[in-house]
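The values are calculated or read from the model by the stated rules, or taken from the named source; none is laboratory data. Remember, predicted model here, so these are calculated numbers, not experimental data. Quick reminder, even Gly has a Cβ in these numbers, built from the backbone with ideal geometry, and neighbours come from all protein chains shown. To get the accessible areas, we keep the full protein, side chains included, count just its heavy atoms, and leave off ligands, DNA and RNA. Shrake-Rupley method; radii C 1.70, N 1.55, O 1.52, S 1.80 Å.
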Amino acid sequence: MWLLIIHALALFTFVLLYAFRFRKLVPNPEQNILLQIQAATKDWKSTHHLVLLISFALFLLLPLTLGFTFYLKTDANVVVVIVWIIWAYNWSKYTFWRE
């Protein structure tokens with residue numbers, strides 16, 4: 001349970017940090033967040049892009065952490081991994097390849 005709490009706090013911290021601290025450094029802030037993540041992969045060394053990419057990675061790992069918190073001692077952890085693979089694949093596909 002503590003891993004889920006730490007993960008949620010980290011995600012919340014990075015999202016708030018990007019929203020209130022680094023959002024004004026983005027050249028086109030009214031742009032879609034998925035387009036901003038796609039643009040952040042090209043210049044990931046700048047701080048605001050790095051914070052956005054870390055937030056996105058934590059967002060992608062959230063179902064895995066949530067599932068392993070509750071289902072690690074059962075056989076349902078296989079289902080958790082399969083659901084996470086589908087979750088991460090779909091979000092990555094729509095973010096980076098815009099399909």
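Could you grab me the full set of residues in the range 84-99 that are open to solvent by less than 90 Å² (accessible area, probe 1.4 Å) and either aromatic (F, W, Y) or out of contact with any helix residue (DSSP H, G or I) (no Cβ under 6 Å at 6 or more places or on another chain) (or both)?
Residues of the range 84-99 that are open to solvent by less than 90 Å² (accessible area, probe 1.4 Å), as a first pass: 84, 87-88, 90-93, 95-96.
Residues satisfying the conditions are W84, W87, N90, W91, S92, K93, F96.
Restricting attention to the range 46-74, which residues are assigned to a helix (DSSP H, G or I), open to solvent by less than 50 Å² (accessible area, probe 1.4 Å), within 26 Å of R23 (Cβ to Cβ) and without any contact (Cβ under 8 Å) to a residue 24 or more places away in the chain?
Selection gives H49, L53, A57.
As an exercise: evaluate D43 against (1) surrounded by 11 or more Cβ atoms within 10 Å (Cβ to Cβ); (2) within 20 Å of S92 (Cα to Cα); (3) without any contact (Cβ under 8 Å) to a residue 24 or more places away in the chain; (4) not hydrophobic (A, V, I, L, M, F, W, C) and give the number of the one condition it does not meet.
Status for D43: all satisfied but (1).
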